[in-house]
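**Student:** Shown below is the structure under consideration.
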Amino acid sequence: MNAKGLNKLIGTRDFYKKVLAIAVPIMLQNGITNFVNLLDNIMVGRLGTEQMSGVSIVNQLTFVFYLCIFGAIGGAGIFTAQYFGQKNDEGIRYTFRFKLIEGILILGLFAVIFTKFDSWLISLYLHEGSANGSLQATLMFGEQYMAIMIIGLIPAIIEMVYSSTLRECGETVVPMIASISAVFINLCFNYILIFGHFGAPALGVAGAAIATNISKFIQAGIVVIYTHTHSAKHTYIKGVYKNFRVPLSVSRKILLMAAPLVANETLWAAGIAVQTQLYSSRGLSVVAALNINSTIFNVFNIAFIALGDSVAIIVGQLLGAGKFEEGKDTAYKIITFSTTMCIVIGLILYAFAPYFPLIYNTSSEVQELATGLIRVSAVTMPLSGFLHSTYFTLRSGGKTLITFLFDSAFLWVISVPIAYVLAYHTGLSIVLVFLLTELTNAIKAFIGWVIMRSGVWIQNIVNE
């Protein structure tokens with residue numbers, strides 16, 4: 001590649017300072033959150049394989065809810081970033097109200113599903129196939145955890161609406177502080193309520209759920225109080241609750257933009273849940289090993305997650321300001337930066353993979369499986385980093401139908417059927433099944449790069 005080609009992929013020092021100014025607070029937030037989640041996971045894991053697996057299954061189900069909310073809020077957030085680029089406070093108020101209304105409606109739907117069908121949903125993941133763990137006990141712990149966790153969905157909606165709006169308007173530090181505060185509160189209450197320290201009863205799995213809910217209420221309280229007490233800086237919040245009016249023209253544009261995004265995030269999360277369910281057909285040990293892998297991987301994926309968010313914010317603002325070439329150039333550089341970081345981090349994760357499962361109170365079978373799965377995640381991390389940043393680049397220009405086809409449609413048409421065939425109709429080990437399924441994303445990466453190069457995603461969506 002010649003010098004001109006390298007200049008398209010590598011930025012200046014000032015460029016990286018600008019990107020990291022947004023990305024680092026998100027990295028710190030995600031890093032501390034995921035590290036404390038790891039400690040929480042270990043605490044629950046100390047109770048036993050059944051408790052860890054029950055909590056893991058419920059978290060997989062609520063993951064679908066959070067991704068649905070993420071898609072709904074993200075669809076409106078595309079407009080928020082571009083309205084902010086135009087310095088249009090009234091437009092930001094419209095998107096804020098739209099997010100809140102969407103969140104309430106989605107919360108109602110999932111509350112009914114999780115209340116009425118909790119046992120059936122959890123049972124989908126329970127299969128014989130290993131010598132470790134009781135299926136009935138796992139179901140009981142899962143039901144117990146789900147019943148309490150539903151309450152925490154209410155403050156979670158509020159926090160996501162406020163924090164996403166703050167980030168889209170360039171304020172990443174306060175959501176970070178709120179999140180860090182919440183995870184440390186969660187950690188402390190987990191220690192107290194799971195094991196019964198300082199005179200509290202030992203509540204086990206129920207204690208873990210209660211601790212999580214307490215932390216969510218506090219996290220929401222921090223961002224809400226901050227936003228309203230700093231209205232001079234965040235002027236869009238003034239009068240935001242004066243009414244819930246969102247002009248029909250704006251609602252229509254957001255819905256047209258958000259519908260594929262909501263469908264994408266929901267179907268993608270559901271697809272991941274189905275993949276996990278397919279893997280779980282190999283036994284309860286696989287459920288526990290997958291939980292360990294996902295928890296460890298989340299600690300190491302903070303760089304590419306934060307850089308994906310940076311793409312959405314920086315490129316979205318540039319497109320809103322009509323700076324199309326700069327937006328395209330910025331996207332290329334961030335994607336390259338993200339992929340390069342993932343190569344380095346993936347090598348570190350691969351090297352330390354055998355040691356992480358040892359901190360869990362589980363069987364040698366689960367630990368061996370978890371080591372293999374972590375190594376697969378490490379090898380495929382550069383691919384994950386590239387795809388994450390590419391996805392948010394395409395989304396920043398409002399091409400949500402393209403992102404739907406690129407993301408969840410690919411998952412359901414290619415990855416899920418392959419996982420099904422490999423899990424149910426071959427004698428391959430679960431680690432090899434996981435690897436082959438993950439490698440299908442190489443096809444997706446090629447498609448994403450072609451779309452990126454075409455420039456079809458570049459547009460300003462908030463101009464009248």
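**Student:** Excluding ligands and nucleic acids, what accessible area in Å² is computed for H425 using a 1.4 Å probe, to the nearest 10?
**Tutor:** Around 120 Å² of this residue is reachable by solvent.
**Student:** Divide by every residue of the chain the summed helix terms, -39500 (n - 2.57) for each DSSP H run of at least 4, and state the resulting mean residue ellipticity at 222 nm, rounded to the nearest 500 deg cm²/dmol. Numbers along the way, then the final one.
**Tutor:** On the way: 19 runs with 361 residues, N = 464.
It comes out at -26500 deg cm²/dmol, rounded to the nearest 500.
**Student:** May I have the extent of the alpha carbons of the range 414-464 along their three principal axes, as whole Å values ordered from largest to smallest?
**Tutor:** If we take the Cα atoms of the range 414-464, the spans are 57, 21, 13 Å.
**Student:** Separate question: Compute the normalised compactness of the range 189-287: alpha-carbon radius of gyration over 2.2 N^0.38 Å, N being the residue count.
**Tutor:** On the way: Rg = 21.5 Å, N = 99, 2.2 N^0.38 = 12.6 Å.
My calculation over the Cα atoms of the range 189-287 gives 1.70.
**Student:** How large a share of the accessible area of the range 408-453, in percent, is made up of carbon and sulfur atoms when the probe is 1.4 Å and the other protein chains stay in place?
**Tutor:** Working: 1750 of 2270 Å².
Solvent-exposed carbon and sulfur of the range 408-453 make up 77 percent of the total.
**Student:** Okay, moving on. Once the other residues with Cβ under 13 Å from the Cβ of M381 are scored (Lys, Arg +1; Asp, Glu -1), what is the net sum?
**Tutor:** Working: positive: R375; negative: E438.
That works out to 0.
**Student:** From the phi of every residue in the range 63-74, what ³J(HN,Hα) in whole Hz does the Karplus formula 6.51 cos²θ - 1.76 cosθ + 1.60 yield, where θ is phi - 60° and glycine or proline is x?
**Tutor:** 4, 4, 4, 5, 6, 5, 5, 4, x, 5, 5, x
**Student:** Based on Cα positions only, what radius of gyration and what Dmax would you give for the range 118-275, in angstroms?
**Tutor:** 20.0, 61
**Student:** Can I ask one more? Between beta-carbons, use under 13 Å as the cut-off and find the net charge around I210, counting Lys and Arg +1, Asp and Glu -1. Could the numbers behind the result be given before it?
**Tutor:** On the way: positive: K216; negative: D40.
Charge balance near I210 sits at 0.
**Student:** In addition: Of the accessible area of the range 187-257, with the probe set at 1.4 angstrom, what percent is carbon plus sulfur?
**Tutor:** 70
**Student:** Rounded, prolate or oblate: which fits the range 217-275 when a ≥ b ≥ c are the square roots of the eigenvalues of the alpha-carbon gyration tensor, with rounded for a/c under 1.5 and prolate only if a/b beats b/c? List each step's numbers first, then the result.
**Tutor:** Working: a/c = 3.68, a/b = 1.46, b/c = 2.52.
It is oblate, given that a/c is not under 1.5 and a/b is not larger than b/c.
**Student:** Got a sec to turn the phi values of the range 223-228 into Karplus ³J(HN,Hα) couplings, 6.51 cos²θ - 1.76 cosθ + 1.60 with θ = phi - 60°, whole Hz, x for Gly and Pro?
**Tutor:** Running phi through 6.51 cos²θ - 1.76 cosθ + 1.60 with θ = phi - 60° gives 6, 5, 5, 4, 4, 7 Hz.
**Student:** Let me ask you something else. Accessible area per residue for the range 111-191 in Å², computed with a 1.4 Å probe and the full protein assembly in place, what is it?
**Tutor:** Working: 3310 Å² over 81 residues.
Solvent-accessible surface per residue comes out at 41 Å².
**Student:** While we're on this one: Shape verdict for the range 37-81, please, from the Cα gyration tensor: rounded (a/c under 1.5), prolate (a/b greater than b/c) or oblate.
**Tutor:** Working: a/c = 8.57, a/b = 2.83, b/c = 3.03.
Note, shape of the range 37-81 comes out oblate.
**Student:** What are the trypsin sites (Lys or Arg not before Pro) within the range 44-105 that DSSP puts in a loop, where the Cβ has at most 12 other Cβ atoms within 10 Å? Display every interim value, and only then the final one.
**Tutor:** Numbers: sites: R46, K87, R93, R97, K99; in loops: K87.
Those satisfying the criteria are K87.
**Student:** Could you compute the net charge surrounding T235? Neighbours are other residues with a C-beta less than 12 Å from the C-beta of T235; K and R count +1, D and E count -1. Spell out each step's value before the answer.
**Tutor:** Numbers: positive: K87, R93, K233, K238; negative: D89, E90.
Summing Lys and Arg as +1 and Asp and Glu as -1 gives +2.
**Student:** How would the range 67-106 be classified by its alpha-carbon gyration tensor: rounded, prolate or oblate, with rounded meaning a/c under 1.5 and the a/b versus b/c comparison settling the rest? Before the final figure, lay out the partial values.
**Tutor:** Numbers: a/c = 5.02, a/b = 1.82, b/c = 2.76.
Oblate.
**Student:** Additional query: What's the Cα-based Rg to Rh of the chain, Rh via Kirkwood?
**Tutor:** Numbers: Rg = 21.7 Å, Rh = 22.7 Å.
Rounded to two decimals, Rg/Rh equals 0.96.
**Student:** Determine the alpha carbon to alpha carbon distance for each of K18/K87; K216/K238; K328/K444; K99/K399; K242/K328 and list only those over 29 Å.
**Tutor:** Working: K18/K87 20 Å; K216/K238 25 Å; K328/K444 20 Å; K99/K399 19 Å; K242/K328 38 Å.
Distance filter (> 29 Å) returns K242/K328.
**Student:** From the phi angles alone, apply the Karplus equation (6.51, -1.76, 1.60; θ = phi - 60°) to the range 336-342 and give each ³J(HN,Hα) in whole Hz, x where the residue is Gly or Pro.
**Tutor:** 4, 4, 5, 5, 5, 4, 5
The values are calculated or read from the model by the stated rules, or taken from the named source; none is laboratory data. Every value quoted in this text rests on a predicted model; they were computed, and no experiment measured them. All Cβ positions, glycine included, derive from the backbone under ideal geometry; neighbour counts span all protein chains shown. Heads up: the accessible areas ignore ligands, DNA and RNA and are worked out on the full protein's heavy atoms, side chains in. Shrake-Rupley method; radii C 1.70, N 1.55, O 1.52, S 1.80 Å.
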